[in-house]
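Notes follow once the structure below has been shown.
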Amino acid sequence: MRRTWAIAKRVLKELFRDKRTLALMFLAPILVLTLMKVVFTTNSTTDVNIATVNVQSSLVKQMDKMKNIKVTKYSTEQKANKALKDQKADGIVHQKNGNYYVKNANTDASKTAATKVALQSSMVATNIKDLKAQLTKMAAANPQAAAAMQSNSQKAPKIHNSYVYGNKDTSFFDKILPILMGFFVFFFVFLISGMALLKERTTGTLDRLLATPVRRSEIVFGYMISYGLLAIVQTLIIVLYTVYVLKVEVLGSMWNMVLVNVVLAIVALAFGILMSTFAKSEFQMMQFIPIIVIPQVFFSGIIPLDQMAHWVQDLAYILPLKYSGEATSAIVLNGEGLGQILAPIGALLIFLVILTMLNVYGLRRYRKV
């Protein structure tokens, strides 16, 4: 028993000397839970923008009265389609030949459902109101005509739904899958690259390399090229599997999606190399995951940023997954081309340049020249 207690005391002393482990055990869970509280404390309602073309005014007013529904009238179907493409509208309601034709963007299943409910409930309310008004007028003058009108009113107009993305069975998972794909690319490249460089440092390989006349920048670029090639192969596998096996519909170019994820993988590679310079063991490298990787999931687009507090939204701009999620969602859900996603790709490239420079500088810890 005495030996057992002696071993326990030794382990406790080592743990108390390792401030990073103590912080991971006690502070990291509090940090992540606090972040989840802030992120998930969002508006429980979803704002829906509906464009209408040739829809009777009474129905438009009835829909516009509904909570969280905003209706905008358009003179032509072309203008309404442009609003849908520019993401200013979530759906178009077009009245033609007595029926309603609804075109849903369907990038958010909850907004598609809200559009359908708003139209159907407004149609019922409008029909009942109009029917009561007409029956009241006709009942006094001609009871038989009023009865005939009431029987004919049973024929309700039909609603025809179409979808820009997916179909009526498209779920929330279909929306977040492109974002999750980027997350897995980032996570595994970050982990593997960081662990690999850390192993070379702990085994002395990096020290022997630093003893040669090779430049620090050449070392960093050498590692990034070698692991970058593996990251590209891994990215291709993940993207192709997602598209062809999981059957994710991609409205834009699949190769644009590959490009975004390859750039993200190289950023994750540089990030992993940088974090490995601060770790002394594989265990310490793992400690960076709940601090560096997991919080990025909340700001990648899985949870709508526009429903968060403004100061929380600002945090997303310093995280790479925000930009990759924005670009892949634009490609997959909206069919955007390369020109429309240059801004998020440019942001990822800025991350890459900064992280590469920090990696070159970070090697000064191991060699001063």
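Past 20 Å, Cα to Cα, is the threshold; run K116/K168; K73/K116; K168/K247; K116/K158; K70/K168 against it and keep the listed order.
K70/K168
Accessible area per residue for region 268-339 in Å², computed with a 1.4 Å probe and the full protein assembly in place, what is it?
Dividing the accessible area of region 268-339 by its residue count gives 37 Å².
Give the calculated FRET efficiency between K13 and L240 to the nearest 0.05, with a Förster radius of 51 Å applied to their Cβ-Cβ distance.
Taking R0 as 51 Å, the efficiency between K13 and L240 is 0.50.
Quick one: compute a quarter of the convex hull surface over the Cα atoms of region 264-344 and quote it in nm².
For the Cα atoms of region 264-344, the hull's average projected area reads 6.3 nm².
Checking the table K13/K199; K65/K129; K111/K322; K61/K82 against a 18 Å threshold on Cα-Cα, which pairs fail?
K13/K199; K111/K322; K61/K82
F283 versus E77, label points 7 Å from Cα toward the beta carbon: distance in nm?
About 6.7 nm separates the two model spin labels.
With a point put 7 Å past each Cα toward its Cβ, work out how far I232 is from I291 in nm, to one decimal.
Taking the two extended label points, one gets 3.3 nm.
The values are calculated or read from the model by the stated rules, or taken from the named source; none is laboratory data. What you are looking at is a predicted structure, and each value in this text was computed from that prediction instead of being measured. Positions of Cβ are generated from backbone atoms using ideal geometry, with glycine treated the same way; all protein chains shown enter the neighbour counts. Surface areas here come from the heavy atoms of the whole protein model, side chains and all, with no ligands, DNA or RNA. Shrake-Rupley method; radii C 1.70, N 1.55, O 1.52, S 1.80 Å.
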